[in-house]
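A short worksheet on the structure shown next.
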Amino acid sequence: MSLFNNLRRIRDEENGSYIVETILFIPLIFWAIVATTVFFDGFRTQYLNQKATYTIADAVSRSTVALNNNYVDNSYRLVDYIAPRSDSPTRMRLTVLCYNHDENRYKVKFSQVRGSYSTHTEASLNSMSDRLPPLANSDELILVEAAVPFEPIFNAGIAAMYLENQTFTRSRTFPIQWDNGSGPDATPCASNVG
């Protein structure tokens, strides 16, 4: 009988309710802290990716020499360096494009990729025209896209994914030229879209 009396006394006791509530809420509070850490890390990864694409777009826009494979390789190394730790490779695509007002179409001047992206074609550019800014006829646009892997440090309900970012800008100096090894391509954008 004393066991039932003790259980009844514990049931009617109100002094221990704080301990029970604390024990019930500790896992919830712990999960909230872990989830906040994971979300913060995701936003930090996206911020670093955005910072890298801004830096590359700005450097390309100020370039006074023709771009080449070495330039794109070093830009890719910058994205890879800035990206947080991961076993998955980063991806980068650098495209210079023109706009033809008469045809209402974007034309690729050149497109270079590093990682598992594919180069832009006129079809791929025109399919994303709603995400590109309006341009004047024969105007050039530098488009830098990068995707960095995000692998959460804890399992808080977010799966591993690539965080993508695209940045576009105009050349600040001269039309951007590509040097394929046999000298810079001096073809102006206007003749590419004509």
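The values are calculated or read from the model by the stated rules, or taken from the named source; none is laboratory data. Bear in mind that the values here come from a model prediction, so they are computed numbers and not experimental data. Here Cβ is always computed from backbone atoms with ideal geometry, including for glycine, and neighbour counts include all displayed protein chains. Remember, those area values only see protein heavy atoms, side chains included, never the ligands or the DNA or RNA. Shrake-Rupley method; radii C 1.70, N 1.55, O 1.52, S 1.80 Å.
See the values below:
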{"read-out": "Trypsin sites (Lys or Arg not before Pro) within the stretch 52-126, DSSP loop, no more than 12 other Cβ atoms inside 10 Å", "value": "62, 85"}
{"read-out": "C-alpha long axis of helix 17-61 to longest principal axis of the chain, angle in °", "value": "10"}
{"read-out": "Accessible-area composition of the chain, carbon plus sulfur, in percent [1.4 Å probe]", "value": "57"}
{"read-out": "DSSP-loop GluC sites (Glu not before Pro) across the stretch 92-186, with at most 14 other Cβ within 10 angstrom", "value": "103"}
{"read-out": "Angle between the chain longest axis and helix 69-82 axis [Cα atoms, degrees, rounded to 10]", "value": "10"}
{"read-out": "Pairwise label distance in nanometres, residue 121 with residue 24, each label 7 Å out on the Cα-Cβ vector", "value": "6.1"}
{"read-out": "Interatomic Cα distance distribution for the stretch 38-194, bins of 5 angstrom, percent", "value": "2, 9, 18, 21, 18, 14, 9, 5, 3, 1, 0"}
{"read-out": "Rough spin-label spacing in nm, given labels placed 7 Å along Cα→Cβ, for residue 104 and residue 33", "value": "5.8"}
{"read-out": "Cβ-based net charge around residue 73, under 13 Å, with every Lys or Arg adding one and every Asp or Glu removing one", "value": "+1"}
{"read-out": "Potential lengthening between residue 137 and residue 68 on full extension [0.36 nm per residue; Cα-Cα distance subtracted]", "value": "22.2 nm"}
{"read-out": "Average accessible surface area per residue within the chain, 1.4 Å rolling probe, Å²", "value": "61"}
{"read-out": "Alpha carbon convex hull of the stretch 1-109, volume per residue in cubic angstrom", "value": "226"}
{"read-out": "Nitroxide proxy distance, nm - points 7 Å out along Cα→Cβ at residue 160 and residue 130", "value": "3.2"}
{"read-out": "Folded to 0 to 90 degrees: helix 2-12 orientation relative to the chain principal axis, Cα", "value": "50"}
